[in-house]
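Here the structure is laid out as structure tokens; the discussion comes afterwards.
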Ligand code: ADP
Ligand code: MG
């Protein structure tokens with residue numbers, strides 16, 4: 001689950017990260033009130049959406065007067081942002097954050113993630129802030145420090161020193177930076193985060209380190225024990241399809257292509273998307289209907305896939321492990337009949353009782369293209385659209 005910048009900042013502040021003063025507003029009246037509370041000379045207004053890259057898209061505005069600030073709020077409340085982090089339909093900002101403008105001497109990057117290669121949580125830091133970390137990793141990987149975070153969340157003192165040295169912090173800045181690293185690691189572990197990022201972390205001319213931006217994502221499977229954070233869920237930031245899928249226990253992510261995918265198991269869903277790409281096609285979505293897909297779930301899955309107007313073919317790739325392929329075949333037929341699926345449907349079944357499943361599909365007289373294996377299914381889907 002993603003959170004907004006203001007929520008991430010509230011949480012980080014509790015762990016002792018120093019954040020410039022801020023207020024949140026969802027209307028001009030609230031903005032006016034926030035402005036008097038802030039009592040700052042220059043103000044930065046920022047859209048609150050579940051996406052980064054706001055600065056480049058005009059969603060962050062520096063204002064030098066009350067009039068300018070209110071004008072910026074007027075423009076930014078309700079702003080529709082579409083960029084490479086939002087998906088094609090974009091997201092709408094229902095709130096803005098107002099914060100004091102800080103003098104920036106230098107921007108740094110600091111964050112934490114679960115590193116899949118090291119199979120553990122790590123702290124990532126770079127003196128090259130402002131840019132996206134992926135860009136730094138590509139251009140100058142030697143400027144990135146990775147420190148394993150101890151599982152109790154207590155960054156060791158020697159690690160804090162390593163961090164300060166790597167970032168070039170001396171004297172009081174080193175002290176602030178060490179405390180910041182420690183607080184960040186602690187916050188990351190304590191909130192069951194999958195990502196926590198401060199980008200940029202800013203050094204001011206008077207040598208203060210301030211978290212100017214913050215991003216926090218929580219592992220969905222841990223939300224049951226993060227109830228305070230779970231309440232921060234903002235359905236307005238999730239696409240209709242994704243929130244509908246969530247209701248039915250499906251994992252759905254919409255993508256830019258035109259081949260709809262209905263798959264059981266996240267690993268198989270990834271492999272299916274890879275295979276479609278391999279044959280020159282583009283998947284329209286990631287959809288995992290789960291290990292025990294019932295007829296109803298398959299039906300819901302089809303509904304969600306079909307609401308995407310760019311879908312021109314659907315590839316069903318189901319492995320009957322616990323599930324019986326015969327039941328899946330019946331589910332597919334029921335869904336196709338109920339929803340009058342008009343795009344070509346390619347079905348690959350494998351696993352338990354597969355022969356019976358294939359027979360049921362064949363006997364249904366429906367226009368279903370049977371595939372032998374994943375490669376064959378993906379190839380057929382791609383070829384159909386060429
Ligand atoms: P995003 O990452 O979505 O683009 P940021 O919060 O990182 O949004 O803002 C983009 C840039 O705007 C920052 O890198 C920083 O240079 C500038 N900025 C943001 N907040 C402030 C602030 N309070 N004072 C001064 N500059 C800011
Ligand atoms: Mg940022």
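Computed from the coordinates by the stated procedures, all read-outs in this text should not be read as laboratory data. Since the model is a prediction, treat every value here as computed from it, not as a measurement. Ideal geometry is used to build each Cβ from the backbone, glycine not excepted, and the neighbour counts take in all protein chains shown.
Please give the helix 374-384 orientation as an angle from the longest Cα principal axis of the chain, in degrees from 0 to 90, rounded to the nearest 10.
The two axes meet at around 90 degrees.
What's the extension gain from residue 172 to residue 220 if we count 0.36 nm per residue and subtract their Cα-Cα distance?
Additional length available on full extension: 13.5 nm.
Pulled fully out, how much extra length does the chain show between residue 84 and residue 116, if you take 0.36 nm times their separation in residues and subtract their Cα-Cα distance?
Taking 0.36 nm per residue and subtracting the Cα distance, the gain is 9.2 nm.
Pick out which of 279, 22, 224 has the largest mean-square fluctuation in a Gaussian network model of the chain, springs linking Cα atoms closer than 10 Å.
For the chain, modelled as a Gaussian network with Cα springs under 10 Å, the answer is 224.
Volume per residue, Å³, of the convex hull around the alpha-carbon atoms of the chain?
Dividing the Cα hull volume of the chain by its residues yields 154 Å³.
Is any residue of region 352-383 close enough, with backbone N under 20 Å, to a label point placed 7 angstrom from the Cα of residue 282 along the Cα-Cβ axis, and if so, which?
378-383, by backbone N distance to the label point.
What FRET efficiency do you get for residue 271 and residue 204 if R0 is 56 Å and r is their Cβ-Cβ distance, rounded to the nearest 0.05?
Rounded to the nearest 0.05, the efficiency is 0.70.
Just need the relative contact order of region 335-386 here, percent rounded to a whole number, with Cα pairs under 8 Å and 6+ apart.
Once normalised by length, the contact order is 41 percent.
Report the full-extension gain for the segment residue 32 to residue 165: residue separation times 0.36 nm, less the Cα-Cα distance, to one decimal in nm.
Here the segment from residue 32 to residue 165 would lengthen by 43.6 nm.
Mean-square fluctuation check for the chain, GNM, Cα pairs under 10 Å: which of 142, 68, 37 is largest?
It is 142.
Suppose each label sits 7 Å from its Cα in the direction of the beta carbon; what would the residue 139-residue 375 distance come out to in nanometres?
Taking the simple label geometry, residue 139 and residue 375 are separated by 4.1 nm.
Sort region 21-101 into rounded, prolate or oblate with this rule: let a ≥ b ≥ c be the square roots of the eigenvalues of the Cα gyration tensor; rounded if a/c is under 1.5, and if a/c is not under 1.5, prolate when a/b is larger than b/c, oblate otherwise.
prolate
For region 239-384, just say rounded, prolate or oblate: build the C-alpha gyration tensor, square-root its eigenvalues into a ≥ b ≥ c, call rounded for a/c under 1.5, and beyond that prolate if a/b exceeds b/c, oblate if not.
Taking the square roots of the gyration eigenvalues as a ≥ b ≥ c, region 239-384 is rounded.
For the chain, take the longest principal axis of its alpha carbons; what is the angle in degrees between that and the long axis of helix 66-76, to the nearest 10 within 0 to 90?
Computed tilt is about 10 degrees.
So, in nm, how far is label residue 67 from label residue 154 when the simple model puts each one 7 Å beyond its Cα toward the Cβ?
About 5.7 nm separates the two model spin labels.
Given contacts defined as C-alpha pairs under 8 Å and at least six residues apart, what's the relative contact order of region 120-235, whole-number percent?
20
Which angle between 0 and 90 degrees, to the nearest 10, do you get for helix 5-14 versus the longest principal axis of the chain when only C-alpha atoms count?
That helix lies at roughly 60 degrees to the long axis.
Equivalent ellipsoid semi-axes for region 1-157, as square roots of 5 times the alpha carbon gyration tensor eigenvalues: give them largest first, rounded to whole Å.
Here the semi-axes work out to 31, 18, 15 Å.
Averaging sequence separations of C-alpha pairs under 8 Å and six or more residues apart, then dividing by the length of the chain, give the relative contact order as a whole percent.
13
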